[in-house]
Amino acid sequence: MAEQLHFDLPLHVALGPDDYFVSEANREAFAMVTGEADWPNGKLAVIGPEGSGKSHLARLWQVLTGALILKAQDLDPAADLPEAGARVVLEDGDHLAPEAEEYLFHLHNHLAATGGLLLLTGRRAPARWPIALPDLASRLQATTVISVADPDDQLLRAVLTKHFADRQLQPSPRLIDWLLPRIERSFASAAWIVAALDEAALSGGLVINQSLARVILDKAHGNLEE
């Protein structure tokens, strides 16, 4: 069969409050982000692997508080500081550029002095970020850290369902039941299998079902049992 022509359209990722699924794996992080009054020293770091919902939690907090969201890798060292008492998110803090460290230092002090709040996200705890500025490193080390754990069955099911929905796909619930025990229990694996199914279906004009999933997993991991 000739390869079917398809287009790489922008992926719409749903980040609304109703799209966030809470389970034991992320319940503590969800409670801390939505209960900002309990943040020691007005700052909190949410850490976890890629795809674990850190950005989604940041968007939830933005909806609740009107927070300003900054991307660490895009941080402008010459930017103005936000208004007094602002709520600010710094996403992917472990990707902070060296030239932006001084800005983050002043931002941290500004928020602390004016009653603002700072939410940090990253794959690792701030104490392990490669920060060269000693004063900033010491402040980040004092940040309360909450981790998003590896997904349990409930959360992994929800993550798979959401990845399909983000791609405007509606697989049979039986397919998700079949995938759950056969993929690695991780956020990255859930994202990978959905992307692989979507790509294979688009390229070959195929239906997303258990047979297609089996072919993809067999190629990646070897033969699997029924």
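With the condition being touching a strand residue (DSSP E or B) at 6+ places or on another chain (Cβ under 7 Å) and in contact (Cβ under 8 Å) with a residue 24 or more places away in the chain, I'd like the strands (runs of 3 or more DSSP E) fully within segment 62-138 carrying at least 2 qualifying residues. Walk me through how you get there before you give the answer.
Values: elements: 68-71, 87-91, 117-122.
So the answer is 87-91, 117-122.
Anything in segment 211-224 that is within 22 Å of ASP152 (Cα to Cα) and surrounded by fewer than 14 Cβ atoms within 10 Å (Cβ to Cβ)? List them, or say none. Correct list: HIS221, LEU224. All told, VAL159 falls short of being in contact with a strand residue (DSSP E or B) (Cβ under 9 Å, 6 or more places away or on another chain) and of a type outside the set (Ser, Thr, Tyr). Return the residue satisfying two criteria in turn: it lies in segment 170-213 and is in contact (Cβ under 8 Å) with a residue 40 or more places away in the chain and either in a helix (DSSP H, G or I) or assigned by TED's automatic domain parsing to the domain that holds LYS54 (or both), and of such residues it is nearest to ALA25 (Cα to Cα). Across segment 170-213, the extreme among qualifying residues is PHE187.
Please enumerate the residues belonging to segment 151-207 that are hydroxyl-bearing (Ser, Thr, Tyr) and crowded, with 17+ Cβ neighbours inside 10 Å.
Residues of segment 151-207 that are hydroxyl-bearing (Ser, Thr, Tyr), as a first pass: 161, 172, 186, 189, 203.
Selection gives THR161, SER186, SER189.
Between LEU107, LEU119, the distinction of being buried (at least 19 other Cβ atoms within 10 Å of the Cβ), aliphatic (A, V, I, L, M), touching a Phe, Trp or Tyr at 6+ places or on another chain (Cβ under 7 Å) and at pLDDT 95 or above belongs to LEU119 only. Might you check whether a residue that is modelled with pLDDT of 90 or more and closer than 30 Å to PRO40 by Cβ occurs anywhere in segment 148-170? Scanning segment 148-170, I find no residue that is modelled with pLDDT of 90 or more and closer than 30 Å to PRO40 by Cβ, so the answer is no.
Here's the yes/no breakdown for (1) assigned by TED's automatic domain parsing to the domain that holds ALA125; (2) under 29 Å from ARG185 (Cβ atoms); (3) at pLDDT below 90; (4) touching a strand residue (DSSP E or B) at 6+ places or on another chain (Cβ under 6 Å):
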site	(1), (2), (3), (4)
GLY35	yes, yes, yes, no
ASN41	yes, no, no, no
VAL46	yes, yes, no, yes
SER52	yes, yes, yes, no
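What do you reckon, is ALA165 in contact (Cβ under 8 Å) with a residue 40 or more places away in the chain and closer than 30 Å to PRO126 by Cα? If you could, list the steps in order and put the result at the bottom.
Numbers: in contact (Cβ under 8 Å) with a residue 40 or more places away in the chain: yes; closer than 30 Å to PRO126 by Cα: no.
Taking the combined requirement at face value, the residue does not satisfy it.
Among the residues making up segment 153-169, those that are of a type in the set (S, T, N, Q) and either more than 14 Å from GLY51 (Cα to Cα) or assigned by TED's automatic domain parsing to the domain that holds LEU57 (or both) are GLN154, GLN168.
Matching residues to (1) touching a helix residue (DSSP H, G or I) at 6+ places or on another chain (Cβ under 7 Å); (2) aliphatic (A, V, I, L, M):
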site	(1), (2)
ARG27	no, no
ALA31	no, yes
ARG59	no, no
LEU70	no, yes
ALA79	yes, yes
HIS110	no, no
ALA113	no, yes
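The values are calculated or read from the model by the stated rules, or taken from the named source; none is laboratory data. All values reported here derive from a predicted model rather than from experimental measurement. Heads up, the Cβs are rebuilt from the backbone with ideal geometry, glycines too, and the neighbour counts pull from every protein chain shown.
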